[in-house]
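Readers should treat all values here as calculations from the given coordinates under stated rules, not as data from a laboratory. Bear in mind that the values here come from a model prediction, so they are computed numbers and not experimental data.
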Amino acid sequence: MESKRLKRTAYLAIVWLIVLAAILITATYAWFTFNPYTNVTPMRSTVSKGGASLLIANQKDGKFDKECVLNPESGTTVLSPVSSADLTKFFEATAQNREGISILFHDVSQKVNDYTIHGKVYLKCENEDCDVYLRRFGINVGKDGQTLAALRMGMNVSTSSGTHNYIMKLDAMGDTANAAKKRTIATDNSVVSAIDKNGNASFEKDPAVEISQFFAKENGTDDPEPEAGEQVFCRLKAGEIATVEYWLYLEGCDINCINEVQKKDIALQLSFAGVAQQ
């Protein structure tokens, strides 16, 4: 009888160690909230020099004007950290070790609208061909430095010349110098590109670039005539319509995407500028 009790005690101890180990590696990311009323704001485009007029709509067959209201496809009022290398696949961490390093992930690409702010807008250039840039003074993604450091803006723009994917860091939209940092994956400056059947991730270099390189040059917030910037976002022929698919999300592998960014309010207002091609 004593032998059976010892065996049972040893068995329970083993079971408890297994449970304890599971607890240590299943601490997942906390939820991150944003204020949903900031989600529906005007998106403005500006008139360029040379007679070209850049217009915008939230439906391809809708009315094009200088501004429109965003109608994101996602209905979420919370952002949960995800990781993406190409805006095609999105992955969420499901387990971390005791040091807080994410070790397992799962694919959430089929329900990306539950994790990101995601939608489409359409751009049209009238009268002349034009180069399209982002307009710094019309973009609003909030002001919190920790959030800006962790956020990514993804854009997929399709024109007659092809399709281009952009993943952009938003540090230039505010002061991120004092944003807290902590490594949450084993390698620096990397994002998840794929996972195997067990949830183990493959990583690649973070493809995100600074959003500022796509800004048109402007003299002030009310400047109606932007100048050509460093990098063209897309080029449009007169009368051509571009489809711009966008994602606003928290890059879960970013060193700034930690507990300090929880429960922050963010905004979403986008703006584009058209400059007549020379």
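Among the aspartates and glutamates, select those whose C-alpha is under 20 Å from the C-alpha of LYS182, and discard any that sit fewer than 8 residues away in the same chain.
Partners found: GLU92, GLU99, ASP144, ASP171, GLU204, ASP206, GLU251, ASP254, GLU260.
How large is the translational diffusion coefficient of segment 151-278 in µm² per second when you combine the Kirkwood radius over alpha carbon pairs with Stokes-Einstein at 20 °C and 1.002 mPa s?
The estimated diffusion coefficient comes to 125 µm²/s.
Considering the convex hull of the alpha carbon atoms of segment 77-186, report its projected area averaged over all viewing directions, in nm², one decimal.
9.3
Given LYS197/LYS264; LYS143/LYS217; LYS63/LYS237; LYS66/LYS120, which pairs have Cα atoms separated by over 25 Å? Spell out each step's value before the answer.
Values: LYS197/LYS264 34 Å; LYS143/LYS217 21 Å; LYS63/LYS237 19 Å; LYS66/LYS120 16 Å.
Going by Cα-Cα distance, LYS197/LYS264 fall outside the 25 Å limit.
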